[in-house]
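Here is the structure we will look at, set down as structure tokens.
The values are calculated or read from the model by the stated rules, or taken from the named source; none is laboratory data. What you are looking at is a predicted structure, and each value in this text was computed from that prediction instead of being measured. Cβ placement follows ideal geometry from the backbone for every residue including glycine, while neighbour counts extend to all protein chains displayed. All accessible areas refer to the heavy atoms of the entire protein, side chains included, with ligands and DNA or RNA removed. Shrake-Rupley method; radii C 1.70, N 1.55, O 1.52, S 1.80 Å.
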Amino acid sequence: MFETKTVILTGASSGLGAVLAEAFARRGANLALFARNEDGLRETEARCQKQGARCLVVVGDVTQPADCERLVVQTVSEFGGVDYLVSNAGASMWARFEDVEDVSIFRKLMETNYLGTVHCVHYVLPHLKQRQGMVVAISSIQGKIGVPLHTGYVASKHAVQGFFEALRIELDGSGVDVLTVLPHWLRGTKLRQNAYGKDGDRLGETSKRHSKESISLEDCSRAILKAMAKRKRELIIPFKLRFLPWLHLIHPKIVSWLVKGKVKTEDEW
Ligand SMILES: NC(=O)c1ccc[n+]([C@@H]2O[C@H](COP(=O)([O-])OP(=O)(O)OC[C@H]3O[C@@H](n4cnc5c(N)ncnc54)[C@H](OP(=O)(O)O)[C@@H]3O)[C@@H](O)[C@H]2O)c1
């Protein structure tokens with residue numbers, strides 16, 4: 001189903017984006033790989049080319065509308081159109097709100113996670129309409145529930161959820177589908193080391209380990225491709241987490257208690 005289709009993938013220089021890129025490459029897709037770190041993108045490109053995929057590397061920043069426009073223009077010029085936008089670029093934080101000394105991290109998280117997605121969708125939408133394509137938004141389960149130490153990240157992912165809930169309705173009948181992906185913790189990514197700490201600096205290397213409940217990137221990307229093939233609206237990973245938004249509606253206090261315990265486990269180092 002992805003054979004000769006063109007996929008724009010943001011945040012392709014590490015983590016989930018890099019693993020997703022390889023999964024698309026194995027299925028014969030053409031790939032436009034976007035992020036700021038060219039070395040990381042080139043590594044992803046090399047792995048995808050080994051699978052026989054055609055790749056275009058575009059270095060840029062999702063917070064800059066002109067970079068997102070250039071990404072789309074270059075992709076269309078290289079491959080003739082766009083079938084899928086996978087909006088995956090993202091950043092996180094790890095600090096209690098009261099301890100935050102540099103409040104600018106809240107703006108940075110909004111600009112990356114929310115506006116970065118809006119910029120890409122804005123420029124790619126006319127092309128997706130031409131091909132009855134699809135937008136895949138890598139959100140987070142934190143787009144539906146609050147999680148301590150992540151206030152700015154949670155807010156940005158709630159914004160992503162709201163944007164796509166409304167856009168999906170506007171696009172009804174246009175042939176373009178929207179899939180929102182809400183994973184639990186993923187292991188093997190740089191999200192945590194690149195997360196903003198209370199002073200506004202990146203956390204950097206930590207000995208923090210993910211709990212056993214975290215998901216592998218391979219399992220996550222397999223589930224995403226399957227959901228794309230079925231043109232699903234929403235994917236919550238792992239399966240058992242699908243009850244959480246419902247429980248949150250009925251017993252929000254229980255969810256708060258559960259989440260507090262989970263973050264405590266994740267916070268051990
Ligand atoms: N890790 C988790 O536990 C988890 C759980 C749920 C959802 N997610 C979501 O999964 C997505 C991928 O994150 P990940 O866990 O794979 O983390 P990651 O390894 O840190 O990957 C993040 C990617 O986003 C790119 N990026 C960040 N800011 C950017 C910007 N301003 N412009 C362009 N690219 C930018 C990074 O590349 P450059 O630095 O090279 O620009 C990198 O390629 C994110 O949206 C995240 O919120 C992660």
ask   = So how compact is region 1-52: Cα radius of gyration and Dmax in angstrom?
value = 9.7, 30
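Where does the charge balance sit around Cys220 when Lys and Arg score +1, Asp and Glu -1, over other residues with C-beta under 14 Å from its C-beta?
Values: positive: Arg187, Arg222, Lys226; negative: Glu22, Glu213, Glu218, Asp219.
Charge balance in the 14 Å sphere: -1.
Contact order normalised by length for region 141-269, with contacts defined as Cα pairs under 8 Å and 6 or more residues apart; what percent is it?
Working: 129 pairs, mean separation 38.4, N = 129.
Relative contact order for region 141-269 comes out at 30 percent.
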ask   = Dividing the convex hull volume of the alpha carbon atoms of region 6-266 by its residue count, what do you get in Å³ per residue?
value = 122 Å³
key: region 83-152 - accessible surface per residue (Å², probe 1.4 Å)   = 39 Å²
key: Cα lying deepest toward the dipole's positive end in region 1-125, options Val19, Thr63, Gly90, charges on Cβ   = Val19
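Going through region 33-141, which GluC sites (Glu not before Pro) have at most 16 other Cβ atoms within 10 Å and a DSSP loop state? Please report the intermediate quantities before stating the final value.
Details: sites: Glu38, Glu43, Glu45, Glu69, Glu78, Glu98, Glu101, Glu111; in loops: Glu101.
Filter output for region 33-141: Glu101.
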inquiry  = Once neighbouring chains are kept in place and the probe is 1.4 Å, which whole percent of the accessible area of region 6-266 is contributed by carbon and sulfur?
reply    = 52 percent
Among Ala137, Ala35, Ala66: highest mean-square fluctuation, GNM of the chain, C-alpha pairs under 10 Å = Ala66
